[in-house]
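As structure tokens, the structure follows; a few thoughts come after it.
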Amino acid sequence: MHNLIRYYYQNKYKIWGCILFIVLVFLSIQIINRILAQNNEQILKNNNISNNIKENTIINNNSYLVNDESAITGENINNNSLKDASTIIENFITACNNGNIEEAYNYLSTDCKQEIYSDINKFKTLYYDVIFAGNKKSAAIENWMKNTYKVDIQSNIMETGNANGIKTQDYMTVVSEGEDIKLNINSFIEKEKIDKEYERDGIKFTIVDVKTYMDYEQYTIQVQNNTGNSILLDSQQSTKTIYLQDENEAEYYADINEIPINMLKIENGFSTSIQIKFAKTYSLERKTSNIIFADVNLNYNIEELREKKEIKIDL
């Protein structure tokens, strides 16, 4: 025992040095193992993301997968419609990826061109340069409702290696033009001609058309003043005096501040055409039934004769 104690005191620095070395080696191994485990977990996570993107958006680097059930209504879409939709959206994305701006522009419908991109330069500046700008993107396509698809456009992970690239969400609607299939993009759903007339108290309203977007509806309305007086369609003192009603009498208010007040003043014998935007999200179930002007002044020029009316236009 005395020999052991004497040996310890004679060599205690070496002994503790060895113990410290062993502890450091053990801790280093633990740290290295933890780092390797975290790296493996991240690699697995990235692989899963990559695989999900491959499985859900790209097949053979060209074909885009579209689910056959509406995300909103649950309705099944027939295979031919899905094939047509996936093909034209794929072709549009591919043309943008390849920088073929004219080809991409030609996939747009006539209405989409007229309402949003009246020429190819506007399309390039307002859409291509904003979303693609010479970079290749991948697209995840989801059947949203009817012939409208939610398209998530983001940096192609196969090229950038970045699974967290900036993502742009668009809603694209597939429409027929004769024998051709075209696209409405940038959340533009459709343009519908109405040409319905309504007359009350000497004011003739013609509802010309409605342009439906994912987040709003925009009506073009011609107003002819035959009252014998100057009229004011709205005083703009409230944001709730021009609105849509659906069949359940839910109300969707106009963005009244976008309308210049002089467009709402109409002299006797004159007419004007105004566009009014209503905050109504696109829905197949909520059909618009009325447009209501609740603050119409029938004799605007003579203060003591001013008379306000509510005019309800059936659609």
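The values are calculated or read from the model by the stated rules, or taken from the named source; none is laboratory data. Predicted, not measured: the structure shown is a model, and the values here were computed from it. Here the Cβ positions follow ideal geometry from the backbone for every residue, glycine too, while neighbour counts run over all protein chains shown.
Some points to look at:
- Residue count for region 209-228 under the criterion of being assigned to a strand (DSSP E or B) and either at pLDDT below 95 or more than 26 Å from Met145 (Cβ to Cβ) (or both): the result is 5.
- Yes/no for Lys211 being surrounded by 13 or more Cβ atoms within 10 Å (Cβ to Cβ) and assigned by TED's automatic domain parsing to the domain that holds Ile93: no
- The set of residues in region 147-167 being polar (S, T, N, Q), modelled with pLDDT under 90 and either touching a Ser or Thr at 6+ places or on another chain (Cβ under 8 Å) or under 27 Å from Leu82 (Cα atoms) (or both) consists of Gln154, Ser155, Asn156, Asn162.
- Flag if Lys122 is surrounded by 13 or more Cβ atoms within 10 Å (Cβ to Cβ) and touching a residue at least 12 places away in the same chain (Cβ under 8 Å): no
- Residue match in region 286-301 (condition: of a type in the set (D, E, K, R) and either in a loop (DSSP other than H, G, I, E, B) or under 30 Å from Met145 (Cα atoms) (or both)): yes
- Apart from one condition, Gly134 fits all of (1) more than 16 Å from Glu177 (Cα to Cα); (2) out of contact with any helix residue (DSSP H, G or I) (no Cβ under 6 Å at 6 or more places or on another chain); (3) in a helix (DSSP H, G or I); the exception is (3).
- The set of residues in region 111-139 that are within 17 Å of Ala85 (Cα to Cα) and either among the charged types (D, E, K, R) or out of contact with any Phe, Trp or Tyr (no Cβ under 8 Å at 6 or more places or on another chain) (or both) contains only Ser138.
- Residue among Glu285, Glu310 that is within 17 Å of Glu190 (Cα to Cα) and modelled with pLDDT under 95: Glu285
- Taking the numbered list (1) surrounded by 13 or more Cβ atoms within 10 Å (Cβ to Cβ); (2) modelled with pLDDT under 90; (3) of a type outside the set (Asp, Glu); (4) within 18 Å of Thr212 (Cα to Cα) in turn, Tyr300 passes all entries but (4).
- Against the list (1) in contact with a strand residue (DSSP E or B) (Cβ under 9 Å, 6 or more places away or on another chain); (2) under 26 Å from Ser187 (Cα atoms), the condition Met263 fails is (2).
For (1) within 29 Å of the chain's Cα centre (by Cα); (2) free of Cβ contacts under 8 Å to residues at least 40 places away in the same chain, each residue gets a yes or a no:
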position	(1), (2)
Lys196	no, no
Glu199	no, yes
Lys211	yes, no
Tyr252	yes, yes
Ile256	yes, yes
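- Considering region 124-141, and only residues there that are under 14 Å from Gln154 (Cβ atoms) and among the small types (Gly, Ala, Ser), the residue that is farthest from the chain's Cα centre (by Cα) turns out to be Ala133.
- Filter result for Tyr252 (over 18 Å from Thr206 (Cα atoms), modelled with pLDDT of 95 or more and touching a Ser or Thr at 6+ places or on another chain (Cβ under 9 Å)): yes
- When Leu108 is tested against (1) crowded, with 21+ Cβ neighbours inside 10 Å; (2) in contact with a Phe, Trp or Tyr (Cβ under 6 Å, 6 or more places away or on another chain); (3) modelled with pLDDT of 95 or more, exactly one condition is not met: (2).
- Any hit, region 260-277, residues being outside any strand (DSSP E or B) and touching a Lys or Arg at 6+ places or on another chain (Cβ under 8 Å): no
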